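Report on the following structure.
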Amino acid sequence: KSEVQMVNYDSKVSDVIELFKITNYRFFPVYRHLKEDIIGIIDVNDLINANRSDRILKFIKKPIVLIDKFPALEFLRKNYNFAIVYDEFGNFLGIITRKEILRNIFNIYSPNIRKISENAYIIDKPIDLGLIEELTGIHLGEPNMNLNQFLMEKNFVDVQEGDEIEIENLKITILSKEGDYISKIKLEIIE
């Protein structure tokens, strides 16, 4: 069980934004005095235009609260993005996000990523190094650099469909291109 990142209700907007930069999490439970006293959630997207010195109190939303037996499909059907999860005795267990359900139960990482085995993915465009690092834990370069730029820097200039490229512990198979742009790959982690 991993530690849930939470924020105190008296935190400043700048505190939450710094936590976002460290964790890359969009949602955080908000507690009052004790971490068991969760009063709401904060969505980092709501803070984008906020004054950094403001307190987060006015941005706190009422949380969706579920028991741990709540069906995942129902969570998706109700279009929840984030929920706080308790057991049947009222003990805090953690949080769940739509992204985690899609990723861990249905092997869907985003509309453009499909997990095909424990160490392999099919990725449609856009393909950037940040996405590859998130999936594999392997740092190749600047997160916002796209795969085409990266391959050109590594002197893979004229890659074609079907080409296989091994870099670090990764094998990248080019599945399709749109002109000179790589639009679909198979990404495999090589042990």
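We did not get these values from a lab; they are worked out from the coordinates using the rules stated. All of these numbers come straight from a predicted model, not from anything done at the bench. Don't worry about glycine lacking a Cβ; one is built from the backbone with ideal geometry, like all the others, and counts go over all protein chains shown.
Each eigenvalue of the Cα gyration tensor of region 1-136, multiplied by 5 and square-rooted, gives one semi-axis; in descending order these are 27, 21, 12 Å.
Past 32 Å, Cα to Cα: identify those pairs from 115/154; 78/125; 35/186; 12/69; 21/184; 21/171, in the order given.
On the way: 115/154 26 Å; 78/125 28 Å; 35/186 42 Å; 12/69 34 Å; 21/184 29 Å; 21/171 29 Å.
From 115/154; 78/125; 35/186; 12/69; 21/184; 21/171, over 32 Å: 35/186; 12/69.
Straightening the chain between residue 169 and residue 3 buys 56.9 nm, computed as 0.36 nm per residue apart minus the Cα-Cα spacing.
For residue 177, the aspartates and glutamates whose Cα comes closer than 17 Å to its Cα, not counting residues fewer than 8 places off in the same chain, are 124, 128, 158, 161, 163, 164.
For the chain, the longest principal axis of the C-alpha atoms and the axis of helix 13-23 are separated by about 40°.
Taking loop as defined by DSSP and a crowding limit of 10 other beta carbons within 10 Å, which chymotrypsin sites (Phe, Trp or Tyr not before Pro) in region 56-156 fit? Please list the in-between numbers first.
On the way: sites: 59, 75, 80, 82, 86, 89, 92, 106, 109, 121, 150, 156; in loops: 80, 89, 106, 156.
Answer in residue order: 89.
List the trypsin sites (Lys or Arg not before Pro) within region 16-69 that fall in a DSSP loop (any state other than H, G, I, E or B) and whose Cβ has at most 10 other Cβ atoms within 10 Å. Those satisfying the criteria are 69. Counting only DSSP H runs of at least 4 residues, each contributing -39500 (n - 2.57), and dividing by the residue count of the chain, the helix-based mean residue ellipticity at 222 nm comes to -5500 deg cm²/dmol. Please give the length that would be gained between residue 65 and residue 35 if that part of the chain were fully extended, namely 0.36 nm times their separation in residues minus their C-alpha to C-alpha distance (nm, one decimal). Contour length minus the Cα-Cα distance gives 9.3 nm. With each label modelled as a point 7 angstrom along the Cα→C-beta vector, the residue 18-residue 114 pair spans 4.4 nm.
Here the dipole of the chain is about 1000 debye; that uses its Cα centre as origin and unit charges on the Cβ of Lys and Arg (positive) and Asp and Glu (negative). Maximal additional length on extending the residue 157-residue 103 stretch stands at 16.1 nm, based on 0.36 nm per residue less the C-alpha distance. Here the label points at residue 180 and residue 77, each 7 Å from Cα along the C-beta direction, are separated by 5.0 nm in the simple model.
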